[in-house]
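Before any comments, here is the structure.
Where a number appears in this text, it was derived from the coordinates with a stated rule and is not lab data. Just so it is clear, the structure is predicted and the values come from calculations on it, not from any experiment. Cβ atoms come from the backbone with ideal geometry, glycine included; neighbour counts cover every protein chain shown.
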Amino acid sequence: MSPSFAPPHLDLTFMAPLSEERAARLVRFVADGRPGTVLDIGCGWAALLLRVLTAVPEAIGEGVDLDEVAIAHGRELADAAGLTDRVDLRVDDARDLAGGWDALICIGASQVWGAPVEDAQPLPYSAALTALRGLVNRGGRLLYGDGIWSRPPTPEAVAPLAGRDDEFLSLGEVAALAVEAGFAPIGVHEASIDEWDVFEGGYAAAYARWLAAHEPDDPEAAEVRAIAEGQRAAYFGGYRGILGLGYLELLAV
Ligand SMILES: C[S@@+](CC[C@H](N)C(=O)[O-])C[C@H]1O[C@@H](n2cnc3c(N)ncnc32)[C@H](O)[C@@H]1O
């Protein structure tokens, strides 16, 4: 059996490198389109979707994710925000969705339209952006977030990821693919190092919580220490400042 860790929502506000300031900007982008319907694909605990619904009182929302724990937490957040009657958060495979939305949010979930992450393939940006264009009405808005190379990858950066230089593209290349798929970019920006440090710290926190809650000679303790050490080495000795997260604010044209 592998050790079981505390869910990331205990230590992270968003399951992405995303500050409150940038989140407010992204929410404003979606809300400014005054959408009637908003769909969040791979929503996790739907932190952004719930903020959009708070900002647009006439909107209704749906969020789908395969992660039952994240969806359960999202429902608690929706309840606390008084949004239960305007949002449907459910465990579902996003591949089965059909079109007709005013606004879409898809952050860190393009693998929905490609090979599983374990297959270590290049990110399916084009397939994702084409599928997303099919789900959103013309004139509607897509908030798209995805992995990018912030700088040319080094061997140390790619080794703990998919082990290949072509796993990600640059921010500009992803923006060009969005145009090809039928979008016009309004805002194109990327997570800062500070946002990444907070995000990676959220994962480190889960390992730290485990180690604090178990005796040092627990049968699983050595494995947990190795996982924590591996994450630190992968990030600080590898992809920090090289793996990025691009945020694209897109209009469907
Ligand atoms: C990196 S997380 C991002 C979560 C969320 N968008 C956020 O920014 O906080 C990617 C999410 O996509 C979900 N996911 C992956 N494949 C999926 C699929 N086929 N259908 C629905 N969700 C999926 C995962 O469960 C995971 O929660």
* **Shape call, the range 41-139: gyration tensor on alpha carbons, a/c limit 1.5** => oblate
* Asked: Using the Karplus equation 6.51 cos²θ - 1.76 cosθ + 1.60 (θ = phi - 60°), what ³J(HN,Hα) coupling, rounded to whole Hz, does each residue of the range 114-127 give in order, writing x for Gly and Pro?
  -> x, 6, x, 3, 4, 7, 6, 9, x, 4, x, 3, 5, 4
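Given Cα pairs under 8 Å that are at least 6 residues apart, what percent is the relative contact order of the range 1-160? Display every interim value, and only then the final one.
Working: 240 pairs, mean separation 34.4, N = 160.
Computed over the range 1-160, the figure is 22 percent.
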* Asked: Given H placed 1.01 Å from N in the peptide plane, which residues other than close sequence neighbours of V136 have an amide H under 5 Å from its amide H?
  -> G100, W101
* Under 5 Å between amide H atoms, partner at least 5 residues away or on a different chain: which partners does G63 have, H built in plane at 1.01 Å? -> D40, D88, L89, R90
* Say each of D85 and E229 gets a label point 7 Å from the Cα, pointing the same way as Cα to Cβ; how far apart are those two points in nm? -> 5.6
* Asked: Rounded, prolate or oblate: which one fits the chain, using the alpha carbon gyration tensor with axes a ≥ b ≥ c (rounded when a/c is under 1.5, else prolate when a/b beats b/c, else oblate)?
  -> oblate
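Rounded, prolate or oblate, given the Cα gyration tensor of the range 183-245, with a/c below 1.5 counting as rounded?
Values: a/c = 3.86, a/b = 2.73, b/c = 1.42.
Because a/c hits 1.5 or more and a/b exceeds b/c, the range 183-245 counts as prolate.
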* Could you give me the ³J(HN,Hα) list for the range 192-206, computed from phi with Karplus coefficients 6.51, -1.76, 1.60 and θ = phi - 60°, whole Hz, x at Gly and Pro? -> 8, 4, 4, 5, 5, 4, 5, 4, 5, x, x, 6, 4, 4, 5
* **Phi to ³J(HN,Hα) by Karplus 6.51 cos²θ - 1.76 cosθ + 1.60 over the range 93-98, Hz, x for Gly, Pro** => 8, 5, 4, 8, 6, 10
